[in-house]
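Everything below concerns the one structure shown next.
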Ligand SMILES: C[S@@+](CC[C@H](N)C(=O)[O-])C[C@H]1O[C@@H](n2cnc3c(N)ncnc32)[C@H](O)[C@@H]1O
């Protein structure tokens with residue numbers, strides 16, 4: 001990927017148009033309770049493989065596009081400070097209410113910061129987030145964040161992530177990939193080409209684990225993958 005700040009400058013004028021369209025769709029999903037992506041339990045691959053990052057308990061973890069994910073509670077239970085960003089106030093309110101937490105609320109730039117214990121959520125648009133609002137971050141947890149965007153916006157998502165993160169750090173990604181019909185089963189054991197092309201300039205990418213679900217119908221086969229990305233630059 002070319003230098004990300006330059007790239008982001010070049011594409012940013014188009015970003016607003018692309019993301020306004022998507023934002024309206026996501027807000028509508030939460031309003032209509034069309035939230036099939038939400039998992040009613042902590043993701044088992046998170047609990048199993050998170051230790052490969054080797055983070056200290058006091059680390060600060062960024063959860064972009066966090067929804068009302070219970071994974072944030074699990075991360076906080078490990079002793080981490082968790083900071084999510086989520087567009088929908090419906091999702092943020094549901095997270096705290098359903099987990100019987102009593103958050104404080106205050107404005108931070110264009111965001112509302114909700115906070116209870118070790119979990120904070122900035123309610124607003126990820127693309128409006130700056131490094132100073134985010135603060136120090138030791139690792140990013142991405143489950144269904146990159147892939148929540150259409151392909152034409154994913155480049156912007158990663159460019160923005162690189163802009164707001166400190167130069168060192170780790171990214172932990174969980175994906176669910178559907179192999180193309182007719183693709184060799186070995187293909188499912190490789191790192192996804194899109195993840196490699198988006199991150200490889202700045203991060204060393206390791207595919208830590210692949211779990212293939214074989215169904216009789218090839219269209220229903222999926223591979224759950226766990227990635228550990230480590231920044232190539234050391235602060
Ligand atoms: C596929 S869901 C994943 C949620 C969560 N990561 C999980 O695992 O349940 C994507 C989430 O991103 C939020 N979202 C979409 N675009 C956003 C944006 N530009 N800024 C902040 N949140 C956004 C949506 O409202 C939705 O809750």
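Could you identify which residue out of 180, 217, 22 has the top mean-square fluctuation in a GNM of the chain using Cα springs shorter than 10 Å?
Among 180, 217, 22, the largest mean-square fluctuation in the Gaussian network model of the chain belongs to 217.
Tell me whether the chain comes out rounded, prolate or oblate; compute the Cα gyration tensor, take square roots of the eigenvalues as a ≥ b ≥ c, and use a/c under 1.5 as the rounded threshold. Please list the in-between numbers first.
Working: a/c = 1.31, a/b = 1.21, b/c = 1.08.
Since a/c stays below 1.5, the shape of the chain is classed as rounded.
Hey, what did the chain get for relative contact order, percent, Cα under 8 Å, at least 6 apart? Intermediate results must be reported in sequence, preceding the final value.
Working: 371 pairs, mean separation 43.6, N = 235.
Relative contact order here is 19 percent.
Can you tell which of 146, 165, 101 shows the greatest fluctuation in a Gaussian network model of the chain with Cα springs below 10 Å?
Highest fluctuation among the options: 101.
What does the highest-first list of 73-86, 150-163, 38-51 look like by mean Cβ count within 10 Å? Before the final figure, lay out each step's value.
Values: 73-86: 20.4, 150-163: 18.2, 38-51: 14.5.
The most tightly packed comes first, giving 73-86, 150-163, 38-51.
To the nearest 0.05, what FRET efficiency results for residue 152 and residue 98 with a Förster distance of 45 Å applied to their C-beta separation?
In this case the efficiency is close to 0.85.
Would you please classify the overall shape of the range 37-176 from the alpha carbon gyration tensor, given that a ≥ b ≥ c denote the square roots of the eigenvalues, rounded means a/c under 1.5, and beyond that prolate means a/b larger than b/c while oblate covers the rest?
Values: a/c = 1.21, a/b = 1.03, b/c = 1.18.
Cα axes put the range 37-176 in the rounded bin.
Could you please rank 92, 140, placing first whichever residue has the fewest other Cβ atoms within 10 Å of its Cβ?
Numbers: 92 25, 140 18.
Neighbour counts put them in this order, fewest first: 140, 92.
Determine, for 123, 66, 29, the number of other Cβ atoms within 10 Å of each Cβ, and report the residues in order from fewest to most. Spell out each step's value before the answer.
Details: 123 21, 66 26, 29 17.
Least crowded to most crowded, the residues run 29, 123, 66.
Defining a contact as two alpha carbons under 8 Å apart and six or more residues distant in sequence, what relative contact order in percent does the range 110-235 show?
Details: 173 pairs, mean separation 31.1, N = 126.
RCO, the range 110-235: 25 percent.
Once the piece of chain linking residue 189 and residue 176 is laid out straight, how much longer is it, given 0.36 nm per residue of separation minus the C-alpha distance between them?
Numbers: separation 13, 0.36 × 13 = 4.68 nm, distance 1.24 nm.
Gain on stretching residue 189 to residue 176: 3.4 nm.
Bear in mind these aren't lab numbers, they're just calculated from the coordinates by the rules spelled out. Everything quoted here is computed from the prediction, not taken from an experiment. Ideal geometry is used to build each Cβ from the backbone, glycine not excepted, and the neighbour counts take in all protein chains shown.
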